[in-house]
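Below: the structure, in structure tokens.
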Amino acid sequence: MEIISILGSTGSIGCSALDVIKLHPDKFKVFALSGHKNTSLLFKQTLEFNPSYVVVKDENSQSELSILFKEKNLKTEILIGEEGHKYIAGNNDVTLVLAAITGSAGLISTMEAAKKGKKILLANKESMVMAGNLLSKECEENNGLIIPVDSEHNAIFQVIHDNKNIKEINKLILTASGGPFRSSSLKELKNVSVEDALNHPNWTMGKKVTIDSATMMNKGLEVIEAAFLFKIDYRKIEVLIHPQSIIHSLVEFIDGSSLSQLGTPDMKVPIAYALSYPKRVSSGISGIDLSKSNDLQFHLPDLKKFSCLKLAYECLEHGGSYPIEINAANEIAVNAFLENKIKFLQISELIKTALNNSKNESFNTIEEILLIDQRARKKAEELLKEFKIA
């Protein structure tokens with residue numbers, strides 16, 4: 001039986017993972033959950049899965065949960081913050097760690113899991129964007145394993161997980177839905193609302209990831225993630241808009257063959273694969289009826305409209321600390337948009353301005369990465385003060 005800690009259990013990925021897990025009580029045991037400030041949902045999850053530990057953001061959340069736990073006579077221990085996340089990620093009893101904390105906040109706990117040689121189900125792409133080489137090195141040195149949960153990277157992993165010769169790969173093609181604005185003109189994007197941007201046509205995700213999908217920064221971060229995760233030159237990674245979200249990326253080999261993974265656009269499918277690898281279990285989701293999916297479309301992204309994607313490629317070209325910088329600036333910009341401090345198109349403008357004010361730095365440790373991230377956030381916040389809603 002696999003013993004799992006879920007970092008970010010109250011988010012969309014965490015909830016989907018628990019839906020899959022409860023289909024297989026003989027295969028998975030939940031050791032720990034974490035839920036930031038969503039104590040009501042975390043309480044419900046604790047009642048259902050009876051973990052040994054839960055982790056919350058602060059003492060107020062801990063106090064709220066303690067009262068609820070006492071009423072139900074729950075023995076689950078409540079931990080707080082970063083140290084709590086590190087504990088449940090690295091605990092000796094744990095065999096699987098689902099890293100699903102959104103943004104850079106998930107980096108330290110993911111790195112702890114790598115140091116302890118865990119099988120990491122990586123849904124937190126920002127960890128790989130910020131510290132890809134370091135994270136991969138820790139996993140290799142400690143006999144750990146990273147299995148991507150993002151549907152695109154999961155698809156590629158399914159194709160090449162046992163292919164050790166990267167030279168046989170001609171290119172990787174990441175598919176993208178195009179988000180809610182794939183058919184909109186650049187002019188039409190000037191006045192879109194937060195509600196418009198959160199209305200994704202295919203996927204149900206958290207707010208930050210949904211906005212990233214609307215700007216296509218999500219795909220930009222996935223390009224960076226793929227370069228580090230699969231150790232492949234970024235110039236061999238392409239993006240193709242596929243509105244139906246049926247084909248979840250392709251691998252083109254040097255002999256002209258292309259292999260892909262197809263699936264219903266539901267995150268339970270890649271989550272089930274990651275949970276059970278190298279075997280397979282039911283995700284609870286039906287397969288595709290291709291007789292009803294006969295209008296699969298593909299086209300190249302418009303880099304003028306989706307300039308965030310172009311910025312991500314430029315960061316890979318520059319290398320060094322630029323992937324850390326773009327991730328930090330993006331998190332500040334997306335949060336500002338969600339708070340109606342800037343317009344939609346100003347997200348990419350703020351990121352570009354922040355990158356233009358950056359200097360490329362080298363780093364060798366997680367502490368240096370976090371310092372660069374901290375400085376980049378401060379810089380982006382200072383630049384934000386100069387922005388006016390256009």
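Just so it is clear, none of the values below were taken in a lab; they were calculated from the coordinates. Computed from a predicted model, the values in this text were never measured in an experiment. Note that each Cβ is placed from the backbone with ideal geometry, even for glycine, and that neighbours are counted across all protein chains shown.
Ellipsoid fit via the Cα gyration tensor, the range 319-390: semi-axes of 23, 11, 9 Å, each the root of five times an eigenvalue, largest first.
Whole-Hz Karplus values for the range 25-38 come out as x, 7, 10, 9, 10, 7, 8, 8, 10, 9, x, 6, 9, 7 Hz, taken residue by residue from phi with 6.51 cos²θ - 1.76 cosθ + 1.60 and θ = phi - 60°; glycine and proline positions read x. Restricting the trypsin sites (Lys or Arg not before Pro) of the range 128-199 to loop positions (DSSP other than H, G, I, E, B) with no more than 12 neighbouring Cβ atoms within 10 Å leaves LYS164, LYS187. Ordering SER245, ILE78, LEU316 by Cα displacement along the dipole of the chain toward the positive end leaves SER245 in first place; charges were set at the Cβ atoms of Lys, Arg (+1) and Asp, Glu (-1). With a cut-off of 13 Å between beta carbons, the residues surrounding LEU189 carry a summed charge of +2, where Lys and Arg count +1 and Asp and Glu -1. Applying a threshold of 25 Å to the alpha-carbon distances of LYS125/LYS379; LYS268/LYS310; LYS116/LYS208; LYS304/LYS352; LYS37/LYS72; LYS116/LYS207 flags LYS268/LYS310; LYS116/LYS208; LYS116/LYS207 as lying beyond it. The spread of Cα positions in the range 64-127, taken along each principal axis and listed from longest to shortest, comes to 37, 25, 17 Å. For the chain, the square roots a ≥ b ≥ c of the C-alpha gyration tensor eigenvalues yield an a/c under 1.5, which makes the shape rounded. For LEU79, the amide hydrogen comes within under 5 Å of the amide hydrogens of VAL54, VAL55, VAL56, counting only partners 5 or more places away or on other chains and with H modelled in the peptide plane. Per-residue Cβ neighbour counts within 10 Å put THR365, THR353 in the sequence THR365, THR353, beginning with the fewest.
The alpha carbon centroids of the range 19-59 and the range 305-327 are separated by 35 Å. Dividing the summed -39500 (n - 2.57) terms of all DSSP H runs of n ≥ 4 by the residue count of the chain sets its mean residue ellipticity at 222 nm at -14000 deg cm²/dmol.
Taking a sphere under 11 Å around the Cβ of GLY320 and counting the other residues whose Cβ falls inside, with K and R at +1 and D and E at -1, yields a net charge of -2. Distance distribution P(r), the range 2-149, all Cα-Cα pairs, bin width 10 angstrom from 0: 13, 46, 33, 8, 1 percent.
The ranking of ILE146, ILE372, ILE3 from fewest to most other beta carbons within 10 Å of each one's beta carbon is ILE3, ILE372, ILE146.
Applying a DSSP loop filter and a limit of 16 other Cβ atoms within 10 Å to the trypsin sites (Lys or Arg not before Pro) in the range 31-128 leaves LYS37, LYS72, LYS75.
Here the Karplus relation 6.51 cos²θ - 1.76 cosθ + 1.60, evaluated at θ = phi - 60°, turns the backbone of the range 7-21 into coupling constants of 8, x, 6, 8, x, 5, 5, x, 5, 5, 4, 5, 4, 6, 4 Hz, with x for every Gly and Pro.
Here the chain is assigned +1 on the Cβ of each Lys and Arg and -1 on the Cβ of each Asp and Glu. Its dipole about the Cα centre then comes out at about 320 debye.
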